[in-house]
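Laboratory data are not the source of any read-out in this text; all were calculated from the coordinates shown. Note that the coordinates shown come from a computational prediction; the quantities given were computed from them, not determined experimentally. Neighbour counts run over all protein chains shown; Cβ positions are idealised from the backbone, glycine included.
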Amino acid sequence: MYNLPYGKTQILVDIQGRHQVKVIKPMDTAEVPDEKKEIEKALKNPIKSMRLSEIAGSGKKAVIIVNDITRPTPTAKLLPPLISELKSGGLEDVTIIFGLGIHRKQTEEEKRFILGDLYGKVISVEHNIDDCVNLGTTSRGTPVEVLKHVAEADIVICTGTVEFHYYAGYSGGAKSILPAVSSKKSIYANHAFMLDPKSAAGRLDGPVRGDIEEAGTILGIDFILNVVLNERKEIIFAAAGDYIEAHRKCAAFLDKMSKIEVEPADIIIVSPGGWPKDIDIFQSHKALEHARNAVKEGGSILLVAECKEGYGNRVFEEWLKSGRDEVISRFKAGFVMGGHKAALIAALTKKVDLYLISSLPDEISKRAYFIPSSLENALNMAIGKCPGPAKIIVMPYGGSTLVASRQ
C-alpha cells in the first residue's frame, strides 16, 4: 500500500502482482534540526555578507519579500528572527511584501496563515503588477520593472524555499524579485527563455536563472534567508546572506537530498506533494516536469492532484480551448505566460498517456488534455498496456523530487 498526498489528505494505492515498484522521494533526514536554531544559525553566520543587524540602521526602511499561498515556505517561522535582527540594528520601519508575481490576490485568511502570530501586527502589502518602476535592462534585454515599494526601500530582504523549478532550475534566491515583485512585461520577457534547453530543473546555468539574478543585481538585494524543507514541510537546512551564494548552499543541499537517477519506468504515479502544491492544475504541472524524463515513451503518468481551484490561470484556461496541435504551434510561434503550460502538457500527451486523479469534473480534466480517472482505474489501464510485469515509480512528493533517467 502506497500513500499519495492529495490536498490536505491522502489517497492510498495498492499495487498487486509481480510488478517492480520503486518509491522515489527526498532522502529522509534521520534527525530534523531544531527549526528555530537552524534559522538563527544561518542568520548569525551569513554567507559573504554582514549580519542583517549590521546592515540595518536607524531611520532606514526595510522590506521583506515573502512567498504567497501557492508556496510551502514556512514564512511565519522566518519572519520573527528576521525582524528581531533588524530591530537589534536599530531599524523599526519594516514592511512585508507578498510576492504574488502574476498570481491572484490572497484572502485575509490566507494572509493570516502566512504571517501567523504577526498578522495584524506588521504592515503588509500585496504585489501590484501595475505599480512598478523601471530600474534598467538585463544583458538579455529583460526590463527590470519592480514594485515601487520595493524599489524605494533602503534594505531589500528576500525569503523563500529552495526547490527544483522546471525552467529556473531552482526556486528561491532572486526569484523573490523576478517574478515575485516584477511587472508583467518583465515576467513575460524573462520566462520566454524557458524555451532554451538549459532552462531545466536542477540546472543553475540556464538563461532564466541567469536573467533573474542579473535583475537582482540591478535592484540590489541586500540579504536573503532561504530554507530547504523535507517531505513533512519541516525546515532541515537554512542559509542566509548573499543572494547568490546562500542560494547555492541550499541548492547543493537539495541536490544531495532529492536529485535521483532511475531506470526508465513504464508507469509513474506522481503527487505534487499535497496542498498547496496541488491547489490547481497550473501549479500541479510542475510535478509532471520533474517526472517526465524517467518515463518510457508510450508509457503512462498518473498525476494525483486535488486541484480544487481548477485551472489556476486565465491564460492557461483560454489556451485550453484549442486542440493540442494548435496549442503547440502557438507556443512555438511565440512565448505567452500561462499558455506555455498548456503547450507543455499537450506535447507530453503525445509521448505518454496522461491521467489526472483529482476533484475536478471530467470535462475540465479533458480540456486540459488529461484522461480523468480514479487512481485504481488509471493504474489498471496503464498496467494493461504493458506486455509483462510493469516497472512502476511512485513519487509522493513530485514537487520536490527530481528524477532523471539512467539510460
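Relative to the present Cα-Cα distance, how much length would full extension add between residue 255 and residue 297 at 0.36 nm per residue of separation?
12.5 nm is the gain from fully extending residue 255 to residue 297.
Could you please rank 118, 43, placing first whichever residue has the fewest other Cβ atoms within 10 Å of its Cβ?
Fewest to most other Cβ atoms nearby, the residues stand as 118, 43.
Tally Lys/Arg at +1 and Asp/Glu at -1 over every other residue whose Cβ is under 11 Å from the Cβ of residue 243; what's the total?
That sum, taken over residues with Cβ under 11 Å, equals -1.
Nearest 10 degrees, 0 to 90: what angle lies between the long axis of helix 375-384 and the longest principal axis of the chain (Cα atoms)?
It is inclined by approximately 50 degrees.
If one takes the longest principal axis of the Cα atoms in the chain, at what angle in degrees, from 0 to 90 and to the nearest 10, does the Cα axis of helix 75-88 lie?
With both axes taken from Cα atoms, the answer is about 20 degrees.
Alpha carbon centre of segment 251-289 versus segment 211-228: separation in Å?
Segment 251-289 and segment 211-228 have Cα centres spaced 25 Å from each other.
Evaluate the charge dipole of segment 112-227 about its Cα centre and quote only its size in Debye, nearest 20, assuming +1 on the Cβ of each Lys and Arg and -1 on the Cβ of each Asp and Glu.
260
Express in whole angstrom the spacing between the alpha-carbon centres of segment 299-339 and segment 41-112.
One Cα centre to the other: 34 Å.
Show which aspartates and glutamates lie in cross-link reach of residue 296 when reach means a straight Cα distance below 13 angstrom and same-chain residues fewer than eight apart are skipped.
263, 266, 353
Report, in debye and to the nearest 20, how large the dipole of segment 35-257 comes out about its Cα centre when Lys and Arg carry +1 and Asp and Glu carry -1 on their Cβ.
340
Suppose we keep just the DSSP beta bridges with both residues in the chain; what percent of those would be antiparallel, to 5?
Of all bridge pairs located within the chain, approximately 30 percent are antiparallel.
Going toward the positive end of the dipole of segment 35-257, with +1 on Lys and Arg Cβ and -1 on Asp and Glu Cβ, which of 160, 235, 215 do you reach last?
235
Please give every one of the lysines within straight-line cross-link reach of residue 321, meaning a C-alpha to C-alpha distance under 28 Å, and leave out same-chain neighbours fewer than 8 residues apart.
Partners within reach: 105, 184, 185, 277, 286, 308, 332, 341, 350, 351, 366.
Neighbour counts of other C-beta atoms within 10 Å: give me 237, 253 arranged from fewest to most.
If I rank by nearby Cβ atoms, fewest first, I get 253, 237.
Compute the distribution of all C-alpha to C-alpha distances in the chain, in bins of 20 Å from 0, and list the percent of pairs in each, rounded to whole numbers.
28, 57, 15, 0
Taking just the C-alpha trace of segment 172-306, give me its Rg and Dmax in Å.
Using the Cα atoms of segment 172-306, the pair Rg, Dmax is 16.3, 48 Å.
Fewest Cβ neighbours within 10 Å first, please rank 244, 177, 236 accordingly.
So the residues, fewest neighbours to most, are 244, 236, 177.
Do any trypsin sites (Lys or Arg not before Pro) in segment 1-51 lie in a loop, going by DSSP, with at most 13 other beta-carbon atoms within 10 Å of their beta carbon, and if so which?
8, 18, 48
With the Cα gyration tensor of segment 35-257 giving a ≥ b ≥ c as the square roots of its eigenvalues, does the rule (a/c under 1.5 for rounded; else a/b larger than b/c for prolate; else oblate) give rounded, prolate or oblate?
rounded
Assuming R0 = 30 Å, can you tell me the calculated FRET efficiency for the pair residue 404 and residue 87, based on Cβ-Cβ distance, to the nearest 0.05?
0.10
Could you give the dipole magnitude of the chain about its Cα centre, charging the beta-carbon of Lys and Arg +1 and that of Asp and Glu -1, in debye to the nearest 20?
So the dipole magnitude of the chain works out to roughly 720 debye.
Mean residue ellipticity at 222 nm from the helices of the chain, using -39,500 (n - 2.57) per DSSP H segment of n ≥ 4 over the full residue count, to the nearest 500 deg cm²/dmol?
Calculated at 222 nm, the ellipticity per residue is -9000 deg cm²/dmol.
Picking from 197, 274, 401, whose Cα lies most toward the positive end of the charge dipole for the chain (charges on Cβ: Lys, Arg +1; Asp, Glu -1)?
Checking the options against the dipole of the chain, the answer is 197.
Explain nothing, just the number: relative contact order of the chain, from Cα pairs under 8 Å at least 6 residues apart, as a whole percent.
Once normalised by length, the contact order is 21 percent.
Roughly how tilted is helix 207-219, in degrees to the nearest 10 and between 0 and 90, from the longest Cα axis of the chain?
10
Which of the peptides 214-224, 103-113 is most tightly packed, and how do the rest follow, going by the mean number of other Cβ atoms within 10 Å of each residue?
214-224, 103-113
Could you please report the charge total around residue 290, scoring K, R as +1 and D, E as -1 over all other residues with beta-carbon less than 12 angstrom from its beta-carbon?
Spelling it out: positives minus negatives among the neighbours equals +3.
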